[in-house]
Structures are given as structure tokens and as C-alpha cells.
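A short write-up of the structure that comes next.
The values are calculated or read from the model by the stated rules, or taken from the named source; none is laboratory data. Keep in mind it's a predicted model, so treat the numbers as computed, not measured. Every residue, glycine among them, receives a Cβ derived from its backbone with ideal geometry; neighbour counts consider all protein chains shown. Note: accessible area is taken over every heavy atom of the protein model, side chains too, but ligands, DNA and RNA are not part of it. Shrake-Rupley method; radii C 1.70, N 1.55, O 1.52, S 1.80 Å.
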Amino acid sequence: MEFKEIVAPSIRELFVQQVVGMILSGQLRSGDKLPTERELADEMKISKTAVHEGIRELHRLGFLDVTSRRGVSVADYAQTGTLDTLLAIMRYHGGQLDAKTCRSILKVRYYLEGPAFLELAASHTDADLARLDELYGQAEAASREGVYAFANALFRYHRTVTFLSGNSITPLILNAFSPVSLEFWREYIEVFGADSCLERLKGFTDHIRAGEGEAAVALFREGLEEFERRTERTGFMRVD
């Protein structure tokens, strides 16, 4: 049995957590101006250095705007944030995503992967099909190894579809979202079961092989929409 190291958060991390919590809970709203670093340090009984470093981190995450003339104010993180912002939101919700964020990510996946199915179905090679068949075999084997291994295999299949379609940027975007995507796949497996996931994967390959791009996209969209309907009943999608 292996025990993990217990690491206490630093004062800077606690400062960041508190400010993120105030922003996401609505106590601080976009445009609100924060007190000066000295005022924050005095009020929170921490060092000015911890406040300064915390503000820099919150600015990097897209939660705060920092300007020399206007000082520090709350940013509209939906416009200024990055993937790290999304991960911070997940941590705040205790490893969960709200229904609105889930729907947004599903739409992004559709916009990124839908065109890839069309392109690959229209211009695939025998080598492309052999690669998809190989990935299906890996997914089938991974389905017997556990949810995490199976989720990784499903992610690799979909990322490879975008790569084989000839788009060199979409796979990089999917890689950037891999921490979130893998949690989606784990939940997807729990919702539909391994057999259904494998059947859908085989359907994608069969449609691509037959040059049926629209049918592949329709199958993909159907899966996303059904997943959305099932998960939104809880209001949150659990991500451990």
C-alpha cells in the first residue's frame, strides 16, 4: 500500500483560493476594484509578498485585471481565462462542473471533431483505416482494464481522428484539454457502459471506411446530446 505525501497549501495558495471563491460565488463581480495590496495584507493578516504573488497568479488565471493606473479589479474570466481557469473552477466546485460549463465543452468538442469526421471520411487512406482499427483493438483491450485505461483509449481514438483528417492544430487543442476530456470520458463510460462505447467507436470507423462523413457526424452528435441529457439531470458532472 502506497501513501501519498501530504502537502499543506502555502499562504499564497490560500489567498488565491479565497479570492477565487469570492469571485465564483458572486461576492466579487466583474469590474469590482480590490483594495491595495497593503490593505489586503493588513485585513487578512498575511504578508504583502503573499498578496502580491497571489494577485499575479490570479491575473495569470484570468480572474483579475491589473493596470498601473486603475489598480486591481475583477476580470470577466469567461473572456480573459485559459484552460487553467477552467481547472481552477473545477477545484472550487470540489471536482465538479456545472451544467452550463459541461454544455459549453460539449459544443466545443462538436465544433472541433465534427469537421474531422467529414474530412477523414472523404479522404482517408488504407493506412488511416488500419490505424483506426488498431485503436479500436486497443480500446477493446483497455475496456477490460478499468475505466481510466478505457477513457484514455477513447481519447486517443478521437484525437487520432482529428490528426488523420489533416488538421495539425486540432490535436494540439485536444491535448491541452486532456485533463478535462479524460474526466468527460470517464463519466461517459459510467453513463453508457463499455459495450455501448465500443459499439459507437466501431460505428465511427465503419462510417469513415464507407465514406459516410455525415453519418459519422450524426452518430457523434447523437452521443453528445444524449450524454448532455443524462448528466444535466444532476446539475453537475462529477470529476474526481
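Annotations
- Summed over region 102-158, residues that are closer than 21 Å to Leu198 by Cα and of a type in the set (S, T, N, Q) total 3.
- All positions within region 30-51 that are closer than 17 Å to Phe15 by Cα and exposed (fewer than 15 other Cβ atoms within 10 Å of the Cβ): Lys33, Pro35, Thr36, Arg38, Glu39, Asp42, Glu43, Lys45, Ser47, Lys48, Thr49
- Counting only helices (runs of 4 or more DSSP H) that fall entirely inside region 61-151 and contain at least 3 residues that are farther than 30 Å from Glu214 by Cβ and either open to solvent by 60 Å² or more (accessible area, probe 1.4 Å) or not hydroxyl-bearing (Ser, Thr, Tyr) (or both), the qualifying elements are 77-80, 83-92.
- Looking only at region 201-211, and only at residues there that are open to solvent by 40 Å² or more (accessible area, probe 1.4 Å) and in contact with a helix residue (DSSP H, G or I) (Cβ under 6 Å, 6 or more places away or on another chain), the one that is farthest from Leu135 (Cα to Cα): Gly211
- Subset tally (residues that are out of contact with any Lys or Arg (no Cβ under 9 Å at 6 or more places or on another chain) and either of a type in the set (Val, Ile, Thr) or assigned to a helix (DSSP H, G or I) (or both)) for region 15-38: 8
- Test for Gly62: is it under 26 Å from Thr231 (Cβ atoms) and either touching a Lys or Arg at 6+ places or on another chain (Cβ under 8 Å) or not hydrophobic (A, V, I, L, M, F, W, C) (or both): yes
- Selection of region 134-192 for residues being on the phi < 0 side of the Ramachandran plot, touching a helix residue (DSSP H, G or I) at 6+ places or on another chain (Cβ under 7 Å) and small (Gly, Ala, Ser) yields Ala139, Ala142, Ser143, Ala149, Ala151, Ala153, Ser165, Ala176, Ser178, Ser181.
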